[in-house]
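Read-outs throughout are calculated quantities, based only on the coordinates presented, and are distinct from any laboratory measurement. Keep in mind the model is a prediction, meaning the values are calculated, not measured. Cβ sites come from the backbone with ideal geometry, for glycine too, and all protein chains shown count toward neighbours.
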Amino acid sequence: MTVRNCMPRYVNIALPVPAGKLFSYHVPDTVSGPLVGVRALVSFRNRELTGVIVEELAAPPTTPTKPVIELLDETPLFSEALLRFTRWVAEYYFCSWGEVLKAALPPGMVPERDATVCLLRTPTEEELAALEHRAPKRAAILRLLMQHAGPISVGYLTRQLHSESLSAQLQALEHQGYIALETRAPALPRARTLRALELAEELRSEPERFRTLMEHLQHRSPAQARLLSVLYAHAAHSTAPLPLREALRRSQTSTTTLRHLLQQGYVREVTLEAPENVLEADEPRLAERNELLLPLNPEQDYAVRRIAEALEAGVPKVFLLRGVTGSGKTLVYMHAIHIALEHKKSVLVLVPEIALTPQLIDRFRMAFPQRIAVLHSRMSPGERFAAWRAIRRGDVPIVLGARSAVFAPLPSLGLLIVDEEHEPSYKQEDPAPRYHARDCAVMRAHMEGAVTILGSATPSLESMYNAHTGKYHLLELKQRADGARLPSIRLVDLRDARRQHRLRGNFSDELLAALQQRVERAEGVILFHNRRGFARWLQCPDCGYIPMCAHCSVSLTYHKVPKLLRCHYCGYSTPVLEECPQCGSPTLEEIGSGTQRIEEELHELLKTAFPQLRIARMDTDTTTRKGSHRRLLHQFARGDIHVLVGTQMVAKGLDLPHVTLVGVINADMQLFLPDFRASERAFQLLTQVAGRAGRRSDAPGEVLIQTAHPEHPVLVAVQTGNDELFYHDELQHRKAALYPPFTRFVVVELSGVDEEKVHQHAHFFASCIPPHPAVLKLGPAIPTVVRIRNRFRRVVILKNLKPLDPAAHHLRSVLRTALAKYQRRYAVSSVRLTVDVDAYGML
Ligand SMILES: [Zn+2]
Ligand SMILES: [Zn+2]
């Protein structure tokens, strides 16, 4: 027996709080085994929080520590490699390690026991004013509670007030009878279980013994032999047990047969956490064949061989796979995955949005049955929990998921694929970590010695630049694999059409004629219009009044089904006004068009000629229900729907051979957004949409783009297919204006309910930024949308010159200095400050 000393074990824990430091706790010495990478429930100020142990200390810390309440895992959830990677993410994106670890875990795996605060008595203005002088923190808490209708969590209050702890203040307020504190218990997700079978160890490890047994059983009990051979074959390519139902199905045997084998000890039954979310029974399959068996064309073959070389050499190369739509990038991915698996490596595949890529998922499932886990935002916490653990154990070698799957705990990662790498949805906007999953994937691959493939028909400027400078290796697929020709693209000048009265509503005569022709021939049509709702806004023709959101400084969008005015920023909605509240005018005009209006106009225009015409709309309003997107696609593919009208959703993941016409209702909407990425996004979106046409060799596709600016360089590039010219010009432009990829674009946003205060804070923060040759400062500026969800906003922009600061060290030190100085003045404040490194989107 060993004699234990009574010293506890000391650990550092990363907690999901904004403070950029670790917190020390202790664990009794009776706990054995590794602690680093294990989740721990600890008490932290007024709350119980879950953090991850990231370090075991050799000596006790100088300050006294509290004990860990509960260790939540028997074995580490995070490997050393994953801890290293998540720490890099925290440093680069300027947030806490605990926040990254929380984002890495599926929701529900970071339980919190958080107290909530509710207001019992509203203070009078005098009381509040008195409190403001004596105890500003308490006053701020009361003000926040008064702004909210219901109870607020302590965690939220702490974050809002940028405070380390509010316990003293809350106790005082409770004592004074203003508030009540309540504690809720966290709910832990439960994993779904599944019965599974595996061959007895001696039969697996001794083939001779297996063969003898099989010879013996072949005649006496063929059913038993069949079941054993199914399990043997499964064990040859997987270490995971085979689900019981699957084993019985494949061997066509009954539970009686199984019982005999279990009794004789040839087979073992185990309980598995269900690793894979299977398709719902009523969901149609969108792929029918295993494409891995299809031959590669020479371009694909060349790409696969280059990738195979890197996989064999085990060097962390990054490939930019640039292939026109229909060139068969997916087939290249599949072969690369196959090779990685042969090398006993695991594979991570990132897609922009799982819900929008049902077709891709089905194709992967056909190629790699039973070996792929899909991480889906619509999975229950229990399902995700089970999937995460199965991945961590190495049961499933392929993981497919959206943004946050970049943190999937795959052991021995060999290959990362980022499909549609240019998609903005890879960037997380809010909350922290505000990371870019593509860039993180490249870094993770670099750290783990894995190969990366970034795929796109229209790569981002960043990736094209990296390919030009040799940082990435460019692989090109210029031919369409299906032998189809690229569609012909025509620009329709809306100015001419209007002048010559050849415009009916949003439809030019050219577009209408092309549409009618396709409908007659029973070919599919996609109409792209990147705005949902019916009208962009309502406006009073007499006084000019426009209904605005009550919480944001944006106009409300008019929706006809259901009849509502809606804010697309915060979701606020209100019934449609019957008359102008300002002047009483009885009508409000519908200004601008959304997908609902396009659908309605088209219906009106074609209903006499084609009474049977079926038009469907695909946007976030029509695809909220689980499986609705998949069903719409299926109906469209079958020809039950003739015309699909949609937002940018129709630009993605659709591979429908019967579509021969794509119409863009108004390209100008994309061209003139107040965003330095507007041209890039327009080029990508329009090219992607155009690529939906003519994916069949016998029926060439046609694309009609309606615009009032046919001379715009983006449209010229889309029409002529001259991508190179576009990328060249756009890079020149970005370089001159000091935008990415030449700089890191960093947005510091300050927001709060009191505009004057936000303004002051923004000016003070800007003045805290020390001058540095690698960091240019702009602002504070007033953003395009000045108020969102009742909070007024100001932004300070930093442009970090990459050539002078390749690893962003100077940027971080400048930001740290500024924040420290800012927080010395405004330690307690209702103004929120967020830092977004490599910011995307509009301001
Ligand atoms: Zn009016
Ligand atoms: Zn709003």
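Observations, loosely collected:
- Potential lengthening of the chain between residue 29 and residue 294 amounts to 89.6 nm, from the contour at 0.36 nm per residue minus the alpha-carbon distance.
- Computed log₁₀ I(q)/I(0) - Debye formula, equal Cα scatterers, no solvent, the stretch 426-519, q 0.12, 0.25 Å⁻¹: -0.73, -1.32
- Pair residue 133, residue 708: separation of 7 Å Cα→Cβ label points (nm): 5.9 nm
- Above-threshold pairs, the threshold being 29 Å between Cα atoms, out of 471/821; 478/652; 427/777; 317/652: 471/821
- Two-site FRET efficiency, residue 728 against residue 499, from Cβ-Cβ distance with R₀ of 45 Å, rounded to 0.05: 0.85
- Tail beyond 23 Å, pair distance distribution of the stretch 666-815 (Cα, percent): 55 percent
- The mean sequence distance of close C-alpha pairs (under 8 Å, at least 6 residues apart), as a share of the length of the chain, puts its relative contact order at 11 percent.
- Equivalent ellipsoid, the stretch 573-651 (semi-axes from 5 times Cα gyration tensor eigenvalues, Å): 30, 18, 9
- Value in Å of the Kirkwood radius, where the stretch 87-168 supplies the Cα pairs that are averaged: 15.0 Å
- Alpha carbon centroid spacing (whole Å) that separates the stretch 444-506 from the stretch 796-843: 33 Å
- Note on the stretch 558-692: antiparallel DSSP beta bridges, both residues inside, total approximately 50 percent of the bridges counted.
- Close amide H contacts of residue 44 (hydrogens built in the peptide plane, cut-off under 5 Å, sequence separation of 5 or more or a different chain): 49.
- Each label was represented as a point 7 Å from its Cα along the Cα-to-Cβ direction; for residue 821 and residue 510 these points are 5.7 nm apart.
- The chain: Cα Rg divided by the 2.2 N^0.38 Å rule of thumb: 1.05
- In percent, rounded to a whole number, the relative contact order of the stretch 322-449 is 30, using alpha-carbon pairs under 8 Å and six or more apart.
- Candidate lysines - alpha carbon under 18 Å from residue 66, same-chain residues fewer than 8 apart omitted: 21
- In range of the label at residue 118: residues from the stretch 138-167 whose backbone nitrogen is under 18 Å from the point 7 Å along Cα→Cβ: 142-157
- Restricting the stretch 732-810 to GluC sites (Glu not before Pro) that sit in a DSSP loop and have at most 13 other Cβ atoms within 10 Å of their own Cβ leaves nothing.
- With contacts taken as Cα pairs under 8 Å at a separation of at least 6 residues, the stretch 536-676 carries a relative contact order of 16 percent.
- The stretch 53-131 - Rg and Dmax from Cα coordinates, angstrom: 19.6, 57
- Taken over the alpha carbons of the stretch 1-80 as equal point scatterers, the Debye sum produces base-10 log I(q)/I(0) values at 0.12, 0.16, 0.20, 0.22 Å⁻¹ of -0.32, -0.57, -0.87, -1.05.
- Taking the convex hull of Cα positions in the stretch 738-843, its mean projected area over all directions (nm²): 6.3 nm²
- Gain in span if fully extended, residue 313 to residue 147, counting 0.36 nm per residue against the direct Cα distance: 53.8 nm
- Taking 14 Å as the cut-off, the amide N atoms of the stretch 217-232 that come nearer than this to a point 7 Å along the Cα-to-beta-carbon line of residue 256 belong to 221-224.
- Take every DSSP beta bridge whose two residues both sit in the chain; close to 60 percent of them are antiparallel.
- In this simple spin-label model, placing a label point 7 Å from the Cα along the Cα-to-Cβ direction at both residue 212 and residue 171 gives a separation of 7.4 nm.
- Note on residue 205 and residue 7: with the Förster distance fixed at 41 Å, the Cβ-Cβ geometry gives a FRET efficiency of about 0.45.
- Rounded FRET efficiency, nearest 0.05, which uses the C-beta distance separating residue 69 from residue 270 and R0 of 35 Å: 0.65
- Charge dipole (debye, nearest 20) of the stretch 37-138; +1 at Cβ of Lys and Arg, -1 at Cβ of Asp and Glu: 160 debye
- Cα-based Rg of the stretch 354-470 normalised by 2.2 N^0.38 Å, two decimals: 1.09
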